[in-house]
Amino acid sequence: MAELLTLSRHILQQARDHHEATGDFNLLMSHIATATKVVARQVSKAGLLNVLGKTGDTNVQGEEVTKLDIIANESLKAMLDDLPMVCALASEEDASFVTTRAGATSGRYLIAFDPLDGSSNIDVNVSIGTIFSVRRRATVGELPTEADFLGPGSELVAAGYAVYGSSTMFVYTTGKGVDGFTLDPGVGEYVLSHRNMTLPDRCRVLSINGTNRDRWYPGTQAFVDHIVGRTEARYERTTGRYIGSLVADFHRNLIYGGVFAYPADTSSPEGKLRLLFEAQPLALIIEQAGGAATDGRQRILDIRPDGLHARATLVIGNTREVELYGRYEAAHGQP
Ligand code: AHG
Ligand code: MN
Ligand code: MN
């Protein structure tokens, strides 16, 4: 039988090879992965547990909250609360961050997460996921502040996601490439299935919600027209795919090659997606896989969010297309 390289073993091997990661950090990563397995189990049983549907509340973003959103959020917070090396947790579902029971003053790491990305797909059995990032704070020994979370994405020490699809996968980077693992339900472990993931040098897919076209700014319209209309051999087969779960759209594009765009538009002038919980972690992953991410003006990883829930345009995928978006936006002027 082929050797199973589990995520825990992979984390230990990487630490050994790079002589950098501390035992603390390894435990932190393994624990995040375990937490996503708990969410995967909840997602897989959602139809059986009477947790589909809306709670009737809206979250801090003013969006309807589904029950599984809450369950995933609470599970992740409970699982990560025990880690002494983590001082605080910020979730897309909560207005402010929480300090952990175990490490509020002494923990060096902060974790931000989107507990369930793709909420509109929960009730219809379409892929959803969890996105996370880890950063180190400058000073320890005091209670963390919101400002500790608000560094640029270039300062992240790790980022990743789990996608709950036809199988459950866990994809992460610590800044040394991107590796993907598939949950083996028999073993109950993530097993290395996609070593050193790199974005194919071809834009096979364009992912954008085309029904927003009447709200797009001219640069976005020109960009999409260019991609759809081009006939060079390299692009001939660029096709449209849009799931409505960023994490699943991103995962597909990472494997096939492609660009995902959620631009600011006239009804969301700041953009829809969140810098801290969605754009930063995926931008770190795409750069590590050889791609790029922009808000149309600057590299996503260079942006300093001005709040936990700051939003931005996100255009992410093949470097050539991401740069092209920036050129179209510049040519048509900023709104
Ligand atoms: P979330 O479920 O965490 O609120 O995120 C939803 C996001 C993202 O996953 C997806 O790409 C996008 O919203 C879809 O938005 P539209 O329905 O406006 O296309
Ligand atoms: Mn999301
Ligand atoms: Mn979410």
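The values are calculated or read from the model by the stated rules, or taken from the named source; none is laboratory data. All values reported here derive from a predicted model rather than from experimental measurement. In this analysis, Cβ positions are derived from the backbone assuming ideal geometry, glycine residues included, and neighbour counts consider all displayed protein chains.
The table below lists the values:
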{"quantity": "Which numbered condition ASP117 fails, given (1) away from ligand 1 (no atom under 16 Å from the Cβ); (2) touching a Gly at 6+ places or on another chain (Cβ under 7 Å)", "calculated": "(1)"}
{"quantity": "Scan of the stretch 99-131 for residues that are without any contact (Cβ under 8 Å) to a residue 40 or more places away in the chain and either within 11 Å of ligand 3 (Cβ to nearest atom) or over 30 Å from GLY47 (Cβ atoms) (or both), ordered by number", "calculated": "THR100, ARG101, ALA102, GLY103, THR105, SER106, GLY107, LEU110"}
{"quantity": "Checking ASN212 against (1) assigned by TED's automatic domain parsing to the domain that holds GLN298; (2) modelled with pLDDT under 95, the condition it does not meet", "calculated": "(2)"}
{"quantity": "Filtered residues of the stretch 245-283 (kept if within 16 Å of ligand 3 (Cβ to nearest atom) and of a type in the set (Asp, Glu))", "calculated": "ASP249, GLU278"}
{"quantity": "Options PRO115, PRO84: the member that is of a type outside the set (A, V, I, L, M) and more than 18 Å from the chain's Cα centre (by Cα)", "calculated": "PRO84"}
{"quantity": "Selection count, the stretch 1-51, where residues are more than 20 Å from PHE181 (Cα to Cα), loosely packed, with under 15 Cβ neighbours inside 10 Å and at pLDDT 80 or above", "calculated": "2"}
{"quantity": "Flag if ALA261 is in the same structural domain as ILE316 (by TED's automatic domain parsing), within 19 Å of PHE132 (Cβ to Cβ) and within 16 Å of ligand 2 (Cβ to nearest atom)", "calculated": "no"}
{"quantity": "Failed criterion for SER267 (all others in (1) farther than 25 Å from LEU116 by Cβ; (2) surrounded by fewer than 16 Cβ atoms within 10 Å (Cβ to Cβ); (3) among the hydroxyl-bearing types (Ser, Thr, Tyr) hold)", "calculated": "(1)"}
{"quantity": "Single unsatisfied condition, GLN221 versus (1) touching a Ser or Thr at 6+ places or on another chain (Cβ under 7 Å); (2) within 25 Å of THR239 (Cα to Cα); (3) surrounded by fewer than 18 Cβ atoms within 10 Å (Cβ to Cβ)", "calculated": "(1)"}
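Quick grid of which residues meet (1) within 16 Å of ligand 2 (Cβ to nearest atom); (2) small (Gly, Ala, Ser); (3) assigned to a strand (DSSP E or B):
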site	(1), (2), (3)
ALA72	yes, yes, no
MET79	no, no, no
ALA104	no, yes, no
SER120	yes, yes, no
VAL134	no, no, yes
THR139	no, no, no
LEU143	no, no, no
GLY160	yes, yes, yes
